[in-house]
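Enquirer: First the structure, then my questions, so here it is.
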Amino acid sequence: MRDVAVVAFTQAPSVRRDLDRNEVEILIPVIHELKQKTGLKNEDVDFVCSGSSDYLAGQAFAFVSGLDAVGAWPPVCESHVEMDGAWALYEAWVKIQMGYAQVALVYGFGKPSMGDLPITMALQLDPYVLTPLWPDAISLAALQARICLEKGVCTERDMAERAVRDRKNAKDNPFAQVKGDFTVDGILKDPFVVSPLRKHDCAPISDGASAVILAAGDRAKELCKRPAWIRGFEHICEPLDLGVRDLTRSRSTEIAADRAGVGKKKIDVAELSAPFTHQEILIERALGLDDGTRINPSGGALAANPLMAVGLSRIGEAASRIWDGSANRAVAHATSGPCLQQNLVCVLEGD
Amino acid sequence: MSDKKPEEKEGPVQVLQTPVRLEYVFSAGQSASRLLGAMAKGKLLGQRCPVDGRVYFPSRGSCPQHGVPLDGAPVELADKGTVATYSIVRIPIEKVPLELPYVTVQVVLDGADTVLMHLLKCDVDKVHMGMRVQAKWKPREEWTSSVENILYFEPIDEPDAPYDSFKEHI
């Protein structure tokens, strides 16, 4: 395996609704800042890979215009995934492993505020039986949370504790959207959005974008004083049909964590992309995290949830903790599909 | 009341229609909004690339060649230009305000470095590359923030532009 590291990361502030800008205009300054930070020009980048969804933009081939932000001259070697940018980063990592690239630019962007997001997400379900019923994403997560509560996997208080923690951590993150000091008892008095989920159990809807530079070997050391080396990287998908899955645990995260070697040594920092509090608990357990790990110092997906960029941002935030020396070993998580269907685990190390 | 179940009466269900419909509140974005706002005043605004000075019309907020933000002052363009290339259309299409056969053209507006695709009202035997043309606007009282304020282009009495001035656009 080649040594490949995350060497730079930029992001747009997550906001509930970006009134002025379209999704490419949200992305433009993010890419520009990344190039200025690293001094990289287009000819220095061997591969460009992006993650976005045309369903958020409501336009076929909307992802193509994302390249306006990158610039396509000299001609670029480029690819796109209709998934979170974390999976675009995986593709770029494979490209570098295969020897086709030394430096890669990865970005994710989305403007979900233009549509009705929980309904739009019904389109990721089985198109014959489930989507025609239009079950919204919050209701499906609520069913999962109900199962977790009834089987004793967690309590509503456990869930609220995650919201309080993440919102508190997010106070130090200028890009986060939901932040502040709350108490568990206080937020448990709030009404249900969809029982048993309250507002604090659900990640916000966020417009946003983020971008990362990946580099191999010596090139990584030139671009970054303390590169965040990718030492384990795996993503696993479970069946689409919710009825055949055990929704009280995240098997795919468990397998991915095992293959990525999460449990081999102490994890200092974890950045999780679980969009609901009970899912954050499931991911913590699947990764085998304990009190020795700082979870979501950025606030995680519950504090800012720019769809299609939120997972990539977790990798960027985890890498940032390596760069600033506050962690030597970090894990980043990204998810896709209904009720944690597909999960990606990335282990980053400073040495 | 019949005792029979619905499937016995009408046979098994063989086709199920499941229409998909999503609603969006579309936002054009800053660049397109600026362009459309200027359109309502009868102005054509482009933007200049800070790297090579080329003027984009319409602009999408970033130079797609160099990947740099187009954040400088907008550049006002003339509503005259040169036909870079064209096509003669003999198939009717909805909402086209010209009678068949008509001409679609790629126009390089004076001061712009990109082409604008539009209609040309002229004798189809007369259209040619390098032809000088000007926008025919709707009556002023009908202007809105829409690119449709320009109905079509028309030939004007000016000598043809030299080939070198538009060759990169063909």
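Readers should treat all values here as calculations from the given coordinates under stated rules, not as data from a laboratory. Small disclaimer: the values here were computed from a predicted structure and weren't measured. Counting neighbours? That spans all protein chains shown, and the Cβs are built from the backbone with ideal geometry, glycine included.
Enquirer: Can you give me the long-range amide H partners of B:Trp137? Hydrogens built in the peptide plane at 1.01 Å from N, cutoff under 5 Å, separation of 5 or more residues or another chain.
Expert: B:Leu151
Enquirer: Any chance you could run the full-extension gain for A:Asp172 through A:Arg157? It's 0.36 nm times the residue separation minus the Cα-Cα distance, nm to one decimal.
Expert: 3.0 nm
Enquirer: Assuming R0 = 22 Å, what is the FRET efficiency of A:Lys189 and A:Glu150, from their Cβ-Cβ distance, to the nearest 0.05?
Expert: After rounding, the FRET efficiency stands at 0.50.
Enquirer: Can you tell me the 0 to 90 degree angle between the C-alpha axis of helix B:30-39 and the longest principal axis of chain B, rounded to 10?
Expert: Between helix and principal axis, roughly 70 degrees.
Enquirer: In whole Hz and in residue order, list the ³J(HN,Hα) couplings for the stretch B:62-79 that follow from phi through the Karplus curve 6.51 cos²θ - 1.76 cosθ + 1.60, θ = phi - 60°; x for Gly and Pro.
Expert: 8, 6, x, 7, 9, x, 10, x, 9, 10, x, 5, x, 10, 7, 10, 6, 8
Enquirer: Quick check: Cα centre of the stretch A:107-143 to Cα centre of the stretch B:100-170, how many Å?
Expert: 44
Enquirer: Here is a further query. Under 5 Å between amide H atoms, partner at least 5 residues away or on a different chain: which partners does A:His80 have, H built in plane at 1.01 Å?
Expert: Here A:Ser50 satisfy the definition.
Enquirer: Over what distance in Å are the Cα centres of the stretch A:173-214 and the stretch B:45-84 separated?
Expert: Measuring centre to centre over Cα atoms gives 40 Å.
Enquirer: If the cut-off is 22 Å between C-alpha atoms, which lysines fall inside it for B:Lys138, apart from same-chain ones fewer than 8 positions away?
Expert: Cα-Cα hits under 22 Å: B:Lys41, B:Lys43, B:Lys80, B:Lys95, B:Lys121.
Enquirer: Build a GNM of chain A with springs between Cα atoms under 10 Å: which of A:Ser139, A:Ser52, A:Ser14 gets the top mean-square fluctuation?
Expert: Highest fluctuation among the options: A:Ser139.
Enquirer: Could you tell me which of rounded, prolate or oblate describes the stretch A:118-201, using a ≥ b ≥ c as the square roots of the eigenvalues of the alpha-carbon gyration tensor, with rounded for a/c under 1.5 and, failing that, prolate when a/b is larger than b/c and oblate otherwise?
Expert: Cα axes put the stretch A:118-201 in the oblate bin.
Enquirer: For the stretch B:118-135, what does the Karplus curve 6.51 cos²θ - 1.76 cosθ + 1.60, with θ = phi - 60°, yield as ³J(HN,Hα) per residue in whole Hz, taken in order and with x for Gly and Pro?
Expert: In residue order, the calculated couplings are 8, 9, 10, 9, 6, 4, 4, 7, 9, 5, 7, 5, x, 5, 8, 9, 9, 5 Hz.
Enquirer: Using modelled backbone amide H atoms (1.01 Å from N, in-plane), which distant-in-sequence or interchain residues come within less than 5 Å of A:Arg231's amide H?
Expert: Result for A:Arg231 returns A:Val347, A:Leu348, A:Glu349.
Enquirer: Turning to a different aspect of this structure: Residue by residue through the stretch B:90-98, which ³J(HN,Hα) values in whole Hz follow from phi under the Karplus form 6.51 cos²θ - 1.76 cosθ + 1.60 (θ = phi - 60°), with glycine and proline marked x?
Expert: Taking θ as phi minus 60°, the curve returns 10, 10, x, 10, 4, 6, 8, x, 10 Hz for the stretch B:90-98.
Enquirer: Excluding residues fewer than 8 places away in the same chain, name every one of the lysines whose C-alpha is closer than 29 Å to that of A:Lys221.
Expert: A:Lys35, A:Lys37, A:Lys41, A:Lys95, A:Lys264, A:Lys265, A:Lys266
Enquirer: Please count, across the stretch A:118-201, the pairs of lysine residues with Cα atoms under 17 Å apart that sit 8 or more places apart or on different chains.
Expert: Lysine pairs meeting the criterion: 5.
Enquirer: Right, another one. Could you tell me how many degrees, from 0 to 90 and to the nearest 10, lie between the Cα long axis of helix A:156-169 and the main elongation axis, the longest principal axis, of the Cα atoms of chain A?
Expert: 30
Enquirer: At 222 nm, what value in deg cm²/dmol follows for chain A if DSSP H runs of at least 4 each add -39500 (n - 2.57) and the sum is divided by all its residues, to the nearest 500?
Expert: Here the helix-only value at 222 nm equals -9500 deg cm²/dmol.
Enquirer: Using only the alpha-carbon atoms, how far is helix A:251-260 inclined from the longest principal axis of chain A? Give it as 0 to 90 degrees, nearest 10.
Expert: The angle comes out at about 30 degrees.
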